[in-house]
Structure formats: structure tokens, C-alpha cells
Amino acid sequence: MSETERLGPDAEFEERLKEGRFCIQRCEDTGRHVFYPRRFSPYSGSDNLTWVEACGNGKVYSTTIIRQKPERGGDYNLSIIELAEGPKLMSRVESVRPEEVAIGMAVKARIARDGDTAFVVFDPA
Amino acid sequence: MGNLKGAAAIVGAGTAGIGLAPGRSHLELIAEASKQALEEAGLTMRDVDGLFTASLVNFFPTLTTAEYLGLKPAVTVGTNLGGASFEDYVIQAAMALQAGLCKVALICYGSNQRSASGRHTTMADMPKYEAAYKPRFPIAAYALSAARHMHEFGTTREQLAEVALAARKWAQMNPEASERGETTLEEVLSARMVCDPLSVRDCCLVTDGAGAIVMVAAERARDMAKAPIYFLGGAAATWYRQISAAEDLTVTSAKESGERAFAMAGLAPEDVDVVELYDAFTINTILFLEDLGFCNKGEGGAFVSGGGIAPGGHLPVNTNGGGLSCCHPGMYGVFLLIEATRQLRGEAGKRQVKGAEIALCHGNGGTLSAEVSVLLGTEAAL
């Protein structure tokens, strides 16, 4: 691949997501997983990063209900999910009412789409 | 380390338009507060050769402000650590004054956000990996921290409400404070929920207001009109930008900034007479009391209970009423320094903490992202 064709990690992540795969990086120097995608490992500083498919399992590390008037879309959930691989990410737990989401709840990743963009949400496992 | 201790001092403090200042621009408010601060020190705008300022509306805050005030500064610092910027500027100013890069440092901030738009103004960009989930900025981040703190340590909404109640009780003794009405724990607890577990009464105010302080090198400070308030120690610590990058939502980099600031000053939490913490939300006060070493991790809720930080409690915290009841014009950091200065000078009227010699100002920036601790003291504390 020529230098001009090489994608950065952000674009690579998005491409995989659009193909239906939720991938995260693994720092091969430390064995630690990395999210969000980086050019160099925040743990070792090297580019010894490989892509691995996330198993999709996680648990709710913290959660809140963003209160919003019904006419503006109503209340919605906002959570920080700790992936089974270790990293945390911001997301939303869907398929249940926001007040049913609790810290420690086991959740499973799903790729949601909004027009052209894809992003990871979670459902109770 | 340690040679910055006592190198510089605050010699002037001023405020303008605290609360509501309809019909005045943020630059006009900054000018008024700055003039007041300089007059206290017996200085004029012409003496200022160091400018330290951040803004939520100007992309070039130091350029815009210098031009407006008629300054041609040799040193300009506009590092944006959010509301903690102003505590950071005290450290930067102390360094610049000690090195002789400037002789009179003006640290200032102002906003007319309440009159202009009625809401919290921000230029903050949404982090790429958070934006899709619509995290209401900045409150959602603090709500996530509070929820985790409650989960891990059993902290309660009543304890969060105690923080708001204590702030109001201090504000009632501060004629400058915006919100001085009577309130009760029940009233705070029954307020409208914004981001669980935080209600509207767990949030800082949206006000107008400007604040300024003037610093000079210690040797010059002794000749000024007011008793100098010395820089004893300070440190900044940045751990992340976005809340989802926090390793632990219940521990902030205040732990690190506090330790380094105390080390520079040769002091410990038990030496501090008055504490000014950036209370953007009630959880902040609890987190920072823990991280700065006033109590153990997880014990902040118990520490503030039963009026622990209210007037007459075991530690005077946020004696002006804080961001929760005094003012919060978008960035609050400079007001921590102003209140500490007034307390250490013995000018705080009804809310004066008797015999206060040492104050800790702790600024918070971003969403628990950057923390800056500054210890200030009277001549007796040197």
C-alpha cells in the first residue's frame, strides 16, 4: 500500500465498523487493549498496535439519565461501558428504559447506524 | 523544587458585575474588575506588562483583552485548562515575576453570559468518540462521576445536597453573592433532575461577572497598599480531556496537583485555614476534599454531612458561596483566588474565618480533566 493510500486508525476503525465489525487495538508491548484508536500506544509509545475484534461483552461502569422534555425526544441513557478486554468507552444502553440501566449490569455491543455513520451501542446481555 | 515559594504575591483583587450585568460587555466587565484590582495595589493599567486570561468567547483571549485594556504586554499566557486556568496562571505568573520576564501580572476573566444568552457559554468541541451519544456538556460527565461515587462508597443524594446547602449558608453572609435566599435540604433534594443523580440544585449558577487579581514579585509586594498575599505553592495535573478516558471516575488529578502543591509549600491539609474549591457541581466538593487529603477516599460524603463545611462546621469551604450560590460566569477559577485573598486579608466581613493565615484554592477544568491547586498565605505563613 502506498503512503497516500494508508488510512489512519480513526478511519480504519470507522471502516471496520461500517462493515459490521467492532474492532479495538491491542498494544503488543504491554498486552493491554486500547480504545479509542491511536496512532501510537498510550501505554508504550510505540506503534506496535494490532487490531482485534472486540468480544462485545462489557458491563456498565457508570450511568446517567439525561433528562429531556418529551417534545425534544425524551429522557435517554448515557453510560460508560467497561469492555471485557479492559478499555472503557462512552455509549448508550438501549432496549431498556433508561432507569433500568444499573452499574454492574452485563451488556453486549451492537453496531447502530445513523445515516452514513455507524457507532457502538449496548443492550443488556 | 520549592524556590517558587514566596516568590510572588497577590497585591490587588477586584470584581465587577457579579450576578447580573445587563448592558455591559464581557470586556467592559473585565476592564472594571482589573481597574479595581490595580487601584487596590496603587498601580495603573500602564504598569501591567504581564497578561493572563482565558475566555469562552474570544479565540485570541490575550490579544483581544490586551488591546481592549490598552496593554502592550511582554508576557501573555492564555493556556486553556477550562475553569482551572486561573489557578494555573498564578503559578505561571509567579514564575514570570521571579524570572523578571514581567513586573506586574494581571490575571483576569469576565463574562456576560447570563445577560447575553441566559445559558452557559462554551466553545468546547465535542470529543469524537463521545459525540454520537449526546453527552450533555458538561453536566453528564459529573453525573457519571457522582453515580459511580455513590455506587462505590454509598455516597447519598442527601450528602450532595449538604454541599449545596453549605454553599448557600456561606452566600447568605456575602453581600456580593447572587443566591442568598433561605433553602432547606428537602428543597434541594426535590429540585428538578437534570442528569441523574444531579438535579438543577446540584449545578453551579449561570451568572455574569468578572474578576481580576494583580501579582508582583515578593520584594515589590511589601511596598503596596494592602498586605501581600503570598504564593506558597502550586501545581497542575492533567489526566485527560473526555470523561470516558478517566481510569477511575472517583479519583481526579487533584490528588496529584494537591500533593505537589503541598510539597512545594511545605504544608499539609491540616495547616489550611480556609478552602476554596471549584464547585461546578456538588460532587466536585466531595471529590476534591478527598483527593486533596482533607479526608480519605470515599469519606467525602460523611465529611460534608451535618453542616461539616457550612459556617460553624469543622472546615470552612467555599466561603463566598461558591459557584453554587455566589457566581459562575462560565469559568469560575479567578473567584476562588479573590475570595481567598479577601479571607487572608481579613476583609470578608460576616463570613470572615477568624485568624485565617493559609488558604487553598483548587481549580477544576474540563470535566474533572485538569486540576490545579494553589496555596496562598499571609506574611506569617511564609
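Quick note: the coordinates plus some simple rules give every number you see, no bench work behind them. For clarity, every value in this text was computed on a predicted model and none was experimentally measured. Glycine gets a Cβ as well: all are built from the backbone with ideal geometry, and neighbour counts include every protein chain shown.
Once you compute Rg and the Kirkwood Rh from C-alpha atoms, what is the Rg to Rh ratio for chain A?
1.03
Could you run the Karplus curve 6.51 cos²θ - 1.76 cosθ + 1.60 with θ = phi - 60° over the range B:347-364 and give me ³J(HN,Hα) per residue in whole Hz, x for Gly and Pro?
9, 8, x, 4, 9, 4, 7, 4, x, 5, 10, 10, 10, 10, 10, 10, x, 10
Using 1/(1 + (r/R0)^6) with R0 = 51 angstrom and r between the beta carbons of A:Arg97 and B:Glu67, what's the FRET efficiency to the nearest 0.05?
Once rounded, the FRET efficiency stands at 0.45.
Going Cα to Cα from B:Lys35, which lysines come in below 18 Å? Please leave out same-chain ones fewer than 8 positions away.
B:Lys72, B:Lys103, B:Lys226
Across peptide A:89-101, what mean number of C-beta atoms from other chains lies inside 10 Å of a residue's C-beta?
Per residue, the average neighbour count from other chains is 2.
List the lysines whose Cα sits under 19 Å from the Cα of A:Lys18, skipping any in the same chain fewer than 8 residues away.
A:Lys108, B:Lys128
Per 20 Å bin from zero, what fraction in whole % of the C-alpha pairs of the protein assembly as shown is there, up to the bin with the longest pair?
Binned Cα distances yield the sequence 23, 52, 23, 1.
Below 11 angstrom from the Cβ of B:Cys327, what's the summed charge of the other residues (Lys, Arg +1; Asp, Glu -1)?
-3
Could you name the lysines whose alpha carbon sits less than 24 Å from that of B:Lys255, not counting residues in the same chain fewer than 8 places away?
Counting by Cα, and skipping residues close in sequence, B:Lys255 has these lysines nearby: A:Lys88, B:Lys5, B:Lys297.
With +1 on each Lys and Arg Cβ and -1 on each Asp and Glu Cβ, how big is the dipole of the range A:43-84 about its Cα centre, in debye rounded to the nearest 20?
Roughly 300 debye for the range A:43-84.
Shielding by partners for B:126-136, please: the mean number of other protein chain Cβ atoms within 10 Å of each residue's Cβ.
Going residue by residue through B:126-136 and averaging, the value is 6.
How big, on average over all directions, is the shadow cast by the Cα convex hull of the range B:90-160, in nm²?
9.4
With 10 angstrom as the radius, rank A:Trp51, B:Trp239, B:Trp170 by how many other C-beta atoms surround their C-beta, starting from the fewest.
A:Trp51, B:Trp239, B:Trp170
Name all residues of the range A:76-92 having a backbone nitrogen under 15 Å from the label point set 7 Å from the Cα of A:Asn57 along its Cα→Cβ direction, giving them as ranges.
A:82-87
Using only the alpha-carbon atoms of the range A:1-53 as identical scatterers, what base-10 log of I(q)/I(0) does the Debye formula give at q = 0.17, 0.31 Å⁻¹?
Log-scaled intensity ratios, in q order: -0.51, -1.18.
With 10 angstrom as the radius, rank A:Ser91, B:Ser257, B:Ser199 by how many other C-beta atoms surround their C-beta, starting from the fewest.
The order, fewest Cβ neighbours first, is B:Ser199, A:Ser91, B:Ser257.
Of the listed peptides A:27-36, B:368-377, what is their order by residue-averaged count of other C-beta atoms within 10 Å, with the highest listed first?
B:368-377, A:27-36
Only four residue types carry charge here, +1 at the Cβ of Lys and Arg and -1 at the Cβ of Asp and Glu. Report the dipole size of chain B about the Cα centre in Debye, rounded to the nearest 20.
My answer is approximately 660 debye.
How large is the charge dipole for the range A:1-53, taken about the Cα centre, if only the Cβ atoms of Lys, Arg (+1) and Asp, Glu (-1) carry charge, to the nearest 20 debye?
My answer is approximately 200 debye.
Other chains near A:58-70: what is the mean number of their Cβ atoms within 10 Å of each residue's Cβ?
Across the residues of A:58-70, the mean count of other-chain Cβ atoms within 10 Å is 6.
What FRET efficiency comes out for the pair B:Glu299/A:Thr4, r = Cβ-Cβ distance, R0 = 60 Å, nearest 0.05?
0.60
May I have the extent of the alpha carbons of the range B:283-372 along their three principal axes, as whole Å values ordered from largest to smallest?
The Cα atoms of the range B:283-372 stretch 33, 30, 22 Å along their principal axes.
Mind jotting down the distance between the C-alpha centroids of the range B:277-339 and the range A:1-38, whole Å?
42
Projected area of the range A:55-125, taken from the Cα convex hull and averaged over every viewing direction, in nm²?
For the range A:55-125, averaging the hull's shadow over all directions gives 4.9 nm².
Can you give me the three principal axis dimensions of the range B:1-154 from its C-alpha atoms, in Å, biggest first?
51, 46, 29
Over all directions, the average projected area of the alpha-carbon convex hull for chain B comes to how many nm²?
Computing the convex hull of the Cα atoms and averaging its projections yields 16.7 nm².
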